[in-house]
Amino acid sequence: MAKVKMLNISGKKVGDYEVPEKILELEPNEQAIHDAVVARLAVRRSGTASTKTRSEVNKSHQKMYRQKGTGRARAGTAGSPIRVGGGVAFGPKPRKYSMKISKKAKCCALKSAIVQKFKSDDVVIVDELKIPGHKTSEVIKFLQRIKAGNSSLIVLTKIGDEVKLAVRNLSRVNVSVPAGLNTYDVLYYKKLVVGEDALKEIIAMF
């Protein structure tokens, strides 16, 4: 068992939490992490980019001038991609960018990302989190006291309205439940601030 210090809301040490060795000894799977992050970002793409082909532009389909005798290149329609105002050759059309990734690969990637956080000492364990008056300033002070910086993902078993209201104005702070964790969010935020009960659920994933 590896011991990680547990803090209270004031940033003071209240004890040690024993993290199983099997978690810290796990070798992160870089390929699984890469695939999970790419798939997550691909889903966010709107895929609405669209251009008109030569058959869709509002141009005459009549031959522009005779084939021979003008001294110019042989031109067909004004909608040709090589002409100004013509269609676009091989341009984008609306499509879905979503990628399929197996549940096993997703789980492996998430475990690998969490292990990386433990190995880089970027996991902060707190016994409980109560935000008085659901104020954003209180969250900022709390993160400063536990030395979590300004980029943190707070993981709790139950997210109350006071926590949601307190962090909604912070662009680099977010909250999640253990079941809602994903590889991208774990890596995106610098620190992983985990409640004691939530950590038990995370360890159960392994």
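Residues that are part of a helix (DSSP H, G or I) and touching a strand residue (DSSP E or B) at 6+ places or on another chain (Cβ under 9 Å) within the range 114-135 comprise Ile114, Lys117, Phe118, listed in sequence order.
Identify, please: which residue in the range 151-187 is farther than 17 Å from Leu129 by Cβ and either free of Cβ contacts under 8 Å to residues at least 24 places away in the same chain or in contact with a helix residue (DSSP H, G or I) (Cβ under 6 Å, 6 or more places away or on another chain) (or both) and is, among those, surrounded by the most Cβ atoms within 10 Å (Cβ to Cβ)? If we take residues in the range 151-187 being farther than 17 Å from Leu129 by Cβ and either free of Cβ contacts under 8 Å to residues at least 24 places away in the same chain or in contact with a helix residue (DSSP H, G or I) (Cβ under 6 Å, 6 or more places away or on another chain) (or both), then Thr183 is surrounded by the most Cβ atoms within 10 Å (Cβ to Cβ). Identify, please: which residue in the range 41-94 is basic (Lys, Arg) and under 46 Å from the mean Cα position of the chain (by Cα) and is, among those, nearest to Tyr184 (Cα to Cα)? Step by step, filter the range 41-94, then rank; the result is Arg44. Selection over the range 28-60 of residues that are more than 17 Å from Ile101 (Cβ to Cβ), of a type outside the set (Gly, Ala, Ser) and loosely packed, with under 11 Cβ neighbours inside 10 Å gives a count of 2.
Whether any residue in the range 5-20 is touching a residue at least 24 places away in the same chain (Cβ under 8 Å), touching a Gly at 6+ places or on another chain (Cβ under 7 Å) and surrounded by 11 or more Cβ atoms within 10 Å (Cβ to Cβ) is what I want to check. Yes; the residues of the range 5-20 include at least one that is touching a residue at least 24 places away in the same chain (Cβ under 8 Å), touching a Gly at 6+ places or on another chain (Cβ under 7 Å) and surrounded by 11 or more Cβ atoms within 10 Å (Cβ to Cβ). Could you tell me whether the range 65-72 includes any residue that is free of Cβ contacts under 8 Å to residues at least 60 places away in the same chain, farther than 30 Å from Ile202 by Cα and surrounded by 12 or more Cβ atoms within 10 Å (Cβ to Cβ)? No, the range 65-72 contains no residue that is free of Cβ contacts under 8 Å to residues at least 60 places away in the same chain, farther than 30 Å from Ile202 by Cα and surrounded by 12 or more Cβ atoms within 10 Å (Cβ to Cβ).
Taken together, the values in this text are just the output of simple stated rules run on the coordinates, not laboratory data. These figures come from a predicted structure and were not determined experimentally. Neighbour counts are summed over all protein chains in view; Cβ atoms, including those assigned to glycine, are modelled from backbone coordinates with ideal geometry.
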